[in-house]
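Report on the structure given below.
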Amino acid sequence: MGKALQIVLIGTLFWVLEGWSQQSGIRVIAGGDVMLGSWVIDVIEQNGMDYPFQHIQPMLETADVIFANLEAPFTTGGDPFPKKYNFKVPPEMAEVLKAGGINLVSLANNHILDYGIKGLTETLETLKKWDIHFAGAGMNLREARRPAIVTIGDWKIGFLAYSLTFPEEFWATDSTAGTCFPYHHFVFQDVEDLKKEVDWVIVSCHWGQELMDRPKPYQIQLAHQLIDAGADVILGHHPHVIQGIEIYRGKPIVYSLGNFIFGSYSENAKVSMLVEIRLRAGATYEIQVHPINVYNKEVEFQPRPLDGLSRQEFLNYLENLSRELNISEVVISSDGKLTYKKKNPKHKVN
């Protein structure tokens with residue numbers, strides 16, 4: 001069958017262990033939080049819309065889908081919501097997403113309504129203008145539940161996005177705009193229904209606690225339930241730092257992707273990752289982690305690949321976080337490829 005298609009049987013599930021092929025499968029790259037406001041605006045205006053991606057472009061340019069969590073509305077105005085931090089971004093900055101190839105975003109987070117319905121409306125209009133797929137927010141709950149469907153050749157990827165973060169006023173209702181909270185009375189049915197229409201279902205969740213490097217029990221429970229309902233990949237964000245990767249029923253759960261391009265000089269978010277997931281027919285997957293430096297005092301809103309000792313320390317750290325989550329032994333090689341094999345202890349959720 002050739003090296004690119006070598007597989008190992010694990011129970012009734014298949015996991016691709018080697019033969020990373022650039023010629024087959026759907027290549028998804030997932031990044032974390034993107035907030036193009038504040039200090040980053042002047043830097044990009046001076047250096048060009050493609051500035052943030054110049055050091056990572058080689059890994060992005062052949063991807064079929066590039067995902068990010070859009071952490072701020074594209075808007076010219078609106079009234080700020082009364083809370084500590086409110087973000088907004090000039091609509092013309094959406095060209096940055098296009099320049100980097102980002103074609104799929106989640107709107108389900110705790111900032112997309114920072115400037116009210118006007119901010120959300122302008123965001124939706126802007127994303128449509130730039131032909132960027134989105135899910136997770138809308139003018140009512142029905143719209144917020146609506147999936148995005150990305151067609152690549154003969155394949156279809158369905159995408160749903162949910163926010164489990166406060167303020168609760170941001171959650172859409174039948175008659176008010178906002179984000180989609182994953183209420184049990186519809187969320188699993190939505191996943192099941194979408195699975196009938198597409199080849200793969202990706203679910204994005206804004207959840208957990210900021211700066212916490214381990215998921216809370218409710219995140220693990222919900223992620224498992226979403227996969228039981230038919231989801232193929234779970235992508236998490238909100239903590240601004242990475243969390244581990246779990247393989248549940250042969251499918252990846254990335255609990256937190258950390259920051260991607262974020263308009264702050266935080267001392268708490270210095271390293272992060274892009275996660276590459278190769279989707280293949282027959283429920284097979286490949287995962288490769290690309291560690292990146294997002295410490296803006298060093299990289300000035302231009303993520304750069306980690307190398308040398310910093311890269312290996314990052315991969316070791318992620319491997320240790322991931323081993324805590326998995327029923328099988330997780331190994332992340334020096335080139336970032338994730339594999340796993342059976343071990344005896346029963347899986348425990350602390």
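Rg over Rh for the stretch 89-237 works out to 0.95, both radii taken from alpha-carbon positions and Rh defined as the Kirkwood radius. Each of the peptides 197-209, 322-334 was scored by the mean count of other Cβ atoms within 10 Å over its residues; in descending order, highest first, they stand as 197-209, 322-334.
For the stretch 85-151, the alpha carbon positions stretch 27, 26, 18 Å along the principal axes, listed from largest to smallest. A Förster radius of 22 Å combined with the Cβ-Cβ distance from GLN221 to ASN320 puts the calculated FRET efficiency at roughly 0.50. For CYS205, the residues 5 or more places off, or on other chains, whose built amide H falls under 5 Å of its own are TYR162, LEU235, GLY236, HIS237.
According to the Cα gyration tensor, what semi-axes, each the square root of 5 times an eigenvalue, does the equivalent ellipsoid of the stretch 123-203 have, listed from largest to smallest in whole Å? For the stretch 123-203, the semi-axes come out at 22, 17, 9 Å.
Rounded to whole Hz and in sequence order, give me ³J(HN,Hα) for the stretch 117-129 from the Karplus expression 6.51 cos²θ - 1.76 cosθ + 1.60, θ = phi - 60°, writing x for Gly and Pro. These are the phi-based 3J(HN,Hα) values: 5, 4, x, 5, 4, 5, 4, 4, 4, 5, 5, 5, 4 Hz. Taking amide H as placed 1.01 Å from N in the peptide plane, the amide H of GLY230 sits under 5 Å from none that are at least 5 places away or on another chain. Secondary structure note: in the chain, about 55% of the DSSP beta bridges are antiparallel.
Round to the nearest 0.05 the FRET efficiency obtained for GLU192 and SER310 when R0 = 35 Å and r is the Cβ-Cβ distance.
Numbers: r = 43 Å, r/R0 = 1.21.
E(calc), rounded to 0.05, equals 0.25.
How would you rank 258-268, 121-131, 305-315, highest first, on the average number of other Cβ atoms within 10 Å across their residues? Can you show the working numbers first?
On the way: 258-268: 20.6, 121-131: 16.4, 305-315: 14.7.
So the peptides 258-268, 121-131, 305-315, ranked by packing, come out 258-268, 121-131, 305-315.
So how much slack lies between GLU210 and GLN57, counting 0.36 nm per residue of separation and subtracting their Cα-Cα distance, in nm? Kindly include the intermediate steps, with their values, before the conclusion.
On the way: separation 153, 0.36 × 153 = 55.08 nm, distance 2.82 nm.
Separation in residues times 0.36 nm, less the Cα-Cα distance, equals 52.3 nm.
Amide H to amide H, with H built 1.01 Å from N, ILE245 comes under 5 Å of SER322, counting only residues 5 or more places away or on other chains.
The reciprocal of the average 1/r between distinct C-alpha atoms defines the Kirkwood hydrodynamic radius, which for the chain equals 20.2 Å. When you count the other C-beta atoms within 10 angstrom of each residue and take the mean per peptide, 180-189, 235-244 line up highest first as 235-244, 180-189.
Rg to Rh ratio, the stretch 204-262, alpha-carbon atoms and Kirkwood radius? Working shown, then result.
Values: Rg = 10.8 Å, Rh = 11.3 Å.
My calculation of the ratio gives 0.96.
With a Cα-only, solvent-free Debye model of the stretch 199-350, what are the log10 I(q)/I(0) values at q = 0.09, 0.12, 0.15 Å⁻¹? Values returned for q = 0.09, 0.12, 0.15 Å⁻¹ are -0.27, -0.49, -0.76.
Building the convex hull from the alpha-carbon atoms of the stretch 174-278 and averaging its projection over directions returns 8.1 nm².
On a per residue basis, the convex hull of the C-alpha atoms belonging to the stretch 16-123 measures out at 121 Å³.
Within the straight-line cut-off of under 14 Å between alpha carbons, the aspartates and glutamates reachable from LYS195 are ASP228, ASP232, sequence neighbours fewer than 8 places apart in one chain being disregarded.
What full-extension length gain, to one decimal in nm, is calculated for TYR265 and GLU300 as 0.36 nm per residue of separation minus the Cα-Cα distance? Intermediate values should be presented prior to the final figure.
Details: separation 35, 0.36 × 35 = 12.60 nm, distance 0.85 nm.
Stretched out fully, the TYR265 to GLU300 stretch lengthens by 11.7 nm.
Rounded to the nearest whole Hz, the Karplus-based 3J(HN,Hα) values (6.51 cos²θ - 1.76 cosθ + 1.60, θ = phi - 60°) of the stretch 32-39 follow the sequence x, 6, 10, 9, 9, x, 6, 4, with x at glycine and proline. Given their separation in residues at 0.36 nm each and the Cα-Cα distance between them, GLU169 and ASP228 gain 18.3 nm when the chain is fully extended. Cα centroids of the stretch 226-285 and the stretch 289-304: 17 Å apart. The phi torsions of the stretch 212-221, fed into the Karplus equation with coefficients 6.51, -1.76 and 1.60 and a -60° offset, translate into couplings of 9, 8, 9, x, 7, x, 5, 5, 5, 4 Hz, rounded to whole numbers, with Gly and Pro shown as x.
Only the coordinates and a few stated rules stand behind these numbers; no lab work does. If you're wondering where the values come from, they're calculated on a predicted model, not measured in any experiment. Note that each Cβ is placed from the backbone with ideal geometry, even for glycine, and that neighbours are counted across all protein chains shown.
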